[in-house]
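Take a look at the structure set out below.
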Amino acid sequence: SFSRKKRHHIVIASNLISDVQSVLRSRLFEETSNCRSDIAKAEHTLTDLVKRTVEFGESNSLLIIGAKGSGKTTVVREAITKLQKNEKISKSLLVVRLNGYVQTDDRIALDEITRQLHLENTVGDKVFGSFSETLAFLLEALRQGSSDSSQPILFILEEFDLFAQHKNQTLLYNLFDLTMAGLTPMLVVGLTCRLDVMELLEKRVKSRFSHRQLYICNQWGTEDYIEAFSVLLHLDESFGKKSSKHKSFLKTWNASVKEMSENVSVRDILKRQFDISKELPSLYHLLVQPVTQISMTHQFITAADIADSARNIFADSKSNILHGVSVLELCLIISMNHLTNIYSGEPFNFQMVYNEFLKFSQKKSHILQRYKKPVVLKAFEHLTELELLKSKDNCVTAGSKILKEYRPMILLVEQQQLRDAIYKYPGCPTDVQQWAESSIV
């Protein structure tokens, strides 16, 4: 009986942890949480435009402009999710999504529009004289007898500025022209991060655009960012209604989140993250690792988890590569750093690096075995493959004329990266460390 009760408590605890992870993962991976008032305001504007298109047959065009990661796609997604709860709108509204990175020309875009409107069979083997004829035929096929019964369509153009690079801007011209004609209820929404996007449009395209522009601008301060951190981890009261265990865990969890958000080291990490990017995706990135580590044996996120995640985010990729090179390759990098300092950043070649390495190895022969020149050259080439150094200018094309031992090279490792690598290198010989320190200015 005792064993059965124990198993029962373990199952309850396991389900509880699973529920916590489910809530937090949905916020981070599905990005269902919205902590910004400006996004809510923009969402309301877009929702209103779509409603007018569906209910009154109004046709419009709109540009949503904001920096990458500022929430442009979130505005559109939240607006559509909200509208789909309205049965009348969800049944009649057609949504066509295009992306400038994928639909790289108008023909590809037209094929995608046909596919998303499920009109492949309608088009069949018909031959059209122009792009506009094809698009007009597609829209005509959606009519249900009269112009008043046409299905409203929402066109979402991600990376709108890339569509402006299409030949003659045919797609944009036809979409905007159809919104002006008003025969089919349409709303064209373009998303872009370019503030000068209007300057990219041809005169005939610009004249057909309604000039509605919605700017997404994050005006958060540091405290707002820290508050968003707490909101993302905070469990709602609805979580506690599942069971008494959930209710008890809810209070403990929220108390730990509050304590963590007031922790000095956590606040310092968040301030550093805020200086890099104050958008929500940066918070999602920071919290992914701590959330996925929640388990039966580790039920609460701690300041140490946040610090560990931050270290992984801020880790320098080249420093990490340097931790995995051999002692010989590390010595060659130190030799290159010496030469870079001596010659004030001028290019060097393998022969110069080899001579510098020989000076050190001959003095410290008890630490480094006497590597033969072909072995050292192989290590040098491996560093080139790792992109820790590169050939200067166009010397690669002239490789047939210049021997690889004398090809001018440039070191791509900075002083701080070398310093970090030396201190963190496992089992780095003391003499090598001292030699490296003498080369770091």
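Criterion first (part of a helix (DSSP H, G or I) and within 29 Å of the chain's Cα centre (by Cα)) does Glu223 satisfy it?
yes
Quickly run through the stretch 56-93 and pick out the residues that are among the β-branched types (Val, Ile, Thr) and in a helix (DSSP H, G or I).
Thr73, Thr74, Val75, Val76, Ile80, Thr81, Ile89
Would you confirm whether or not the stretch 12-23 contains a residue that is in the same structural domain as Met180 (by TED's automatic domain parsing), surrounded by 15 or more Cβ atoms within 10 Å (Cβ to Cβ), more than 24 Å from Lys206 (Cβ to Cβ) and at pLDDT below 90?
Scanning the stretch 12-23, I find no residue that is in the same structural domain as Met180 (by TED's automatic domain parsing), surrounded by 15 or more Cβ atoms within 10 Å (Cβ to Cβ), more than 24 Å from Lys206 (Cβ to Cβ) and at pLDDT below 90, so the answer is no.
Would you call Lys258 in contact with a helix residue (DSSP H, G or I) (Cβ under 9 Å, 6 or more places away or on another chain), basic (Lys, Arg) and buried (at least 19 other Cβ atoms within 10 Å of the Cβ)?
no
Does the stretch 297-319 include one or more residues that are hydroxyl-bearing (Ser, Thr, Tyr), touching a residue at least 12 places away in the same chain (Cβ under 8 Å) and surrounded by fewer than 15 Cβ atoms within 10 Å (Cβ to Cβ)?
Looking for residues that are hydroxyl-bearing (Ser, Thr, Tyr), touching a residue at least 12 places away in the same chain (Cβ under 8 Å) and surrounded by fewer than 15 Cβ atoms within 10 Å (Cβ to Cβ), one finds none in the stretch 297-319, hence no.
Please find, within the stretch 377-391, the residue that is modelled with the highest pLDDT out of those that are within 29 Å of the chain's Cα centre (by Cα) and among the charged types (D, E, K, R).
Glu385
Conditions: (1) on the phi > 0 side of the Ramachandran plot; (2) surrounded by 19 or more Cβ atoms within 10 Å (Cβ to Cβ). Gly57 meets all but one. Number of the miss?
Condition not satisfied by Gly57: (2).
Considering each residue of the stretch 182-201, count those that are of a type outside the set (Val, Ile, Thr), within 21 Å of Leu46 (Cα to Cα) and in a helix (DSSP H, G or I), and give that number.
1
Exactly one condition in (1) part of a loop (DSSP other than H, G, I, E, B); (2) modelled with pLDDT of 85 or more is false for Ala109; which is it?
Result: Ala109 fails condition (1) only.
Quick test for you: out of Asp161, Asp177, pick the one residue that is assigned to a helix (DSSP H, G or I), assigned by TED's automatic domain parsing to the domain that holds Asp48 and modelled with pLDDT of 90 or more.
Exactly one of Asp161, Asp177 is assigned to a helix (DSSP H, G or I), assigned by TED's automatic domain parsing to the domain that holds Asp48 and modelled with pLDDT of 90 or more, namely Asp161.
For the stretch 226-253, give me each residue that is basic (Lys, Arg) and assigned to a helix (DSSP H, G or I).
Lys245, Lys247, Lys251
Examine the stretch 271-292 for a residue that is under 30 Å from Gly66 (Cβ atoms), surrounded by 15 or more Cβ atoms within 10 Å (Cβ to Cβ) and of a type in the set (Gly, Ala, Ser), and state whether such a residue exists.
Checked against the condition, which is being under 30 Å from Gly66 (Cβ atoms), surrounded by 15 or more Cβ atoms within 10 Å (Cβ to Cβ) and of a type in the set (Gly, Ala, Ser), the stretch 271-292 yields at least one hit.
The values are calculated or read from the model by the stated rules, or taken from the named source; none is laboratory data. What you are looking at is a predicted structure, and each value in this text was computed from that prediction instead of being measured. Positions of Cβ are generated from backbone atoms using ideal geometry, with glycine treated the same way; all protein chains shown enter the neighbour counts.
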